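In what follows, a single structure is set out as structure tokens and then discussed.
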Amino acid sequence: MERLDAVNLRLPDDNTAPYDFKALLDAMIAIRDEGLIAGIGLSNTTRDRLLEAVHHTEIVCVQNALNLLNRDSLPILRECQELGIAFVPFFPLASAFGGVNHLLTHPTLTATAHRLRALPSQVALAWLLNLAPNVLLIPGTSSLPHLIDNTTTTRIHLDQEAQEALNTLTP
Ligand SMILES: NC(=O)c1ccc[n+]([C@@H]2O[C@H](COP(=O)([O-])OP(=O)(O)OC[C@H]3O[C@@H](n4cnc5c(N)ncnc54)[C@H](OP(=O)(O)O)[C@@H]3O)[C@@H](O)[C@H]2O)c1
């Protein structure tokens, strides 16, 4: 490819060693000016970093962890919605790189999915899609059947009972 549509600047966690955010952003702007990428995204960003970045240049997407068990980035999703920036939740199915998936086996999720005649994975993804129109999903899978399940999530309608149950789901 001659040009990538969007590339994320993946930020370290805030408790790691200090880094020069402006220098990293300037490097991204330089490769966009060169035509190698069309849009700059931020990943693992705080709200302050996001606001600093949009003050400096156009940001097209934000990729932060967000799922039913980890809602820390909800305020950033809302900020993106206000700013017209796509929000791409990573770990949408709460993957923990193997082992038991504590989201897909959560009793509230499995009961809701059972009632809606859907799969827990579909209900978890539908909850994310329902949060805002700027949510873009990237569930990871190595399985063709799971890929089909995940791409049919848009057919799932979360009624009020489901919304209430999911909104109050705790780890
Ligand atoms: N920006 C960042 O720092 C960052 C960090 C982490 C991840 N990411 C990105 O986020 C995306 C998703 O991350 P992820 O794949 O680690 O986490 P994820 O989407 O939350 O979970 C993937 C896990 O869920 C399982 N799964 C997927 N669909 C399923 C289904 N329908 N039913 C049951 N299980 C299902 C997969 O197993 P199977 O393979 O068996 O389907 C896999 O174990 C990837 O594109 C990744 O690159 C970005």
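The values are calculated or read from the model by the stated rules, or taken from the named source; none is laboratory data. Being a predicted model, the structure only gives us computed values, none of them experimental. In this analysis, Cβ positions are derived from the backbone assuming ideal geometry, glycine residues included, and neighbour counts consider all displayed protein chains. Just so you know, the surface numbers come from the protein's heavy atoms only, side chains and all, with ligands and any DNA or RNA stripped out. Shrake-Rupley method; radii C 1.70, N 1.55, O 1.52, S 1.80 Å.
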Sticking with the crude label model, points 7 Å out along Cα→Cβ, report the distance from T170 to R47 in nm, one decimal please. 2.3
Under the span-like rule (Cα at least 15 Å along the axis, Kyte-Doolittle mean at least -1.0), DSSP H helices of the chain: 21-33, 120-131
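So how much slack lies between D72 and A38, counting 0.36 nm per residue of separation and subtracting their Cα-Cα distance, in nm?
Using 0.36 nm per residue and subtracting the Cα-Cα distance, I get 9.4 nm.
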Once you have all Cα-Cα distances for segment 116-171, histogram them in 5 Å bins from zero and send the whole-percent values. 4, 18, 30, 24, 16, 7, 1
Residue span A30 to L131: 0.36 nm per residue of separation minus Cα-Cα distance leaves a gain in nm of 33.0 nm
Give the distance, in whole Å, between the Cα centre of segment 85-125 and the Cα centre of segment 129-146. 10
For the chain, give me the percentage of DSSP beta bridges that are antiparallel, rounded to the nearest 5 percent. 5
If you take the alpha carbon radius of gyration of segment 18-81 and divide it by 2.2 N^0.38 Å, what ratio comes out, to two decimals? 1.18
Calculated [θ] (222 nm, deg cm²/dmol) that DSSP helices of n ≥ 4 give over the chain, each run adding -39,500 (n - 2.57): -12000 deg cm²/dmol
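Taking the mean number of other Cβ atoms within 10 Å as a proxy for protection, how do you rank 130-140, 29-39 from highest to lowest? Each step should come with its number before you reach the end.
On the way: 130-140: 15.0, 29-39: 13.3.
In descending order of packing, they fall as 130-140, 29-39.
How many percent of the accessible area of segment 14-148 is carbon or sulfur, using a 1.4 Å probe?
Looking at segment 14-148 in its full context, I get 58 percent from C and S.
Please compute the net charge surrounding R3, taking Lys and Arg as +1 and Asp and Glu as -1 over other residues with Cβ under 15 Å from its Cβ.
Around R3, the surrounding residues sum to -3.
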Select from segment 38-125 those chymotrypsin sites (Phe, Trp or Tyr not before Pro) which occupy a DSSP coil region and have at most 14 other Cβ atoms within 10 Å, ordered by residue number. F97
Can you find, among A132, A162, L116, the residue sitting farthest towards the positive end of the charge dipole of the chain, where Lys and Arg contribute +1 and Asp and Glu -1 at Cβ? L116
Extended-chain gain in nm, criterion 0.36 nm per residue less alpha-carbon gap, E58 and D14: 13.6 nm
Could you tell me the largest-minus-smallest coordinate of the C-alpha atoms of segment 22-171 on each of the three principal axes, in descending order and whole angstroms? 51, 31, 28
Among A65, L104, I76 the positive-end extreme of the charge dipole of the chain (Cβ point charges): L104
To the nearest 20 Debye, how big is the dipole of the chain about its Cα centre, given +1 on the beta carbon of each Lys and Arg and -1 on that of each Asp and Glu? 540
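Compute the accessible area per residue over the chain, keeping the other protein chains in place, probe 1.4 Å, unit Å².
Solvent-accessible surface per residue comes out at 57 Å².
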